[in-house]
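Below is one structure, written out as structure tokens; the observations come after it.
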Amino acid sequence: MADHSVTTRFISGMTFHSQLDNHTIIIDTPENDGGNDLGPRPKKLMLSSLAGCTGIDVVSMLNKMRVVFSDFSMDVEANLTKETPKTYDWVKITYRIKVKKEDQDKVRRAVKMSEEQYCGVSAMFEKFAELEYEIVFL
């Protein structure tokens, strides 16, 4: 028996509805690729999954460490290979967060723990892409 499952249905053009638990995600392509531009592209959803996974880890750890933070966001950028099938070969996550100076090392530790121990999505990404991490303190 599988641990996770989703059901994805073709709608029209290049539009699909993917049912994840009680949530529906629309997946599509731009009009010039035959779609209706009603939702994100599948590869970019992978980048969102990576940000969400590590972000949840970092917030959970900072809460356990009682670190007060604000303005937390992540930018994820990636390069695609030139050959088909195009896959990501380099990905960089930039964490932007506001904390007191004395808590910056705790943020670094939380990011490192997510990177090395907890984020299953980054562990999967490491199998096909070089991952880089940067923290920008606001």
Comparing GLY39, GLY120, GLY13 in a Gaussian network model of the chain (Cα, 10 Å), the one with the largest mean-square fluctuation is GLY13
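Just to confirm, what accessible area per residue do you get for the stretch 1-111 at 1.4 Å probe, in whole Å²? Each step should come with its number before you reach the end.
Values: 7500 Å² over 111 residues.
Ligands and nucleic acids excluded, the result is 68 Å² per residue.
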If you find the alpha carbon centre of the stretch 1-48 and of the stretch 70-116, how far apart are they in angstrom?
24
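Starting from the stretch 107-138, pick out the chymotrypsin sites (Phe, Trp or Tyr not before Pro) whose DSSP state is loop and whose Cβ has at most 16 other Cβ atoms within 10 Å.
On the way: sites: TYR118, PHE125, PHE128, TYR133, PHE137; in loops: PHE128.
Passing sites in the stretch 107-138 are PHE128.
Which value, in debye to the nearest 20, gives the size of the charge dipole of the chain about its Cα centre, when Lys and Arg are +1 and Asp and Glu are -1 at the Cβ?
For the chain, the charge dipole is close to 440 debye.
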Range of Cα positions in the stretch 59-116 per principal axis (Å), largest first
46, 21, 15
Sparsely packed trypsin sites (Lys or Arg not before Pro) within the stretch 1-105, loop by DSSP, other Cβ within 10 Å at most 11
ARG66, LYS82, LYS86, LYS100
Stokes-Einstein D for the chain at 4 °C, 1.567 mPa s, Kirkwood Rh over Cα pairs, in µm²/s?
77
Take every Cα-Cα distance within the stretch 16-59, group them into 5 Å bins from 0 onward, and report for each bin the whole-number percent of pairs it holds.
6, 20, 21, 23, 16, 9, 4, 2
Stretched fully, the stretch from VAL68 through LEU131 gains (0.36 nm per residue minus C-alpha distance, one decimal, in nm) 20.0 nm
Could you grab the relative contact order for the chain? Cα pairs under 8 Å, six or more apart, rounded to a whole percent.
19
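List the GluC sites (Glu not before Pro) within the stretch 1-99 that DSSP assigns to loop and that have no more than 11 neighbouring Cβ atoms inside 10 Å. Let's see the in-between values first.
Details: sites: GLU31, GLU77, GLU83; in loops: GLU83.
Those satisfying the criteria are GLU83.
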Out of ILE11, ILE56, ILE97, any idea which swings most in a Gaussian network model of the chain, alpha carbons joined below 10 Å?
ILE11
Once you've got the Cα coordinates, tell me which of LYS44/LYS92; LYS64/LYS106; LYS82/LYS112; LYS64/LYS112; LYS44/LYS86; LYS92/LYS112 are over 22 Å apart.
LYS82/LYS112
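The values are calculated or read from the model by the stated rules, or taken from the named source; none is laboratory data. Since we're looking at a predicted model, the values are computed, not measured. Ideal geometry is used to build each Cβ from the backbone, glycine not excepted, and the neighbour counts take in all protein chains shown. Quick note on the areas: whole protein, heavy atoms, side chains included, nothing else; ligands and nucleic acids left out. Shrake-Rupley method; radii C 1.70, N 1.55, O 1.52, S 1.80 Å.
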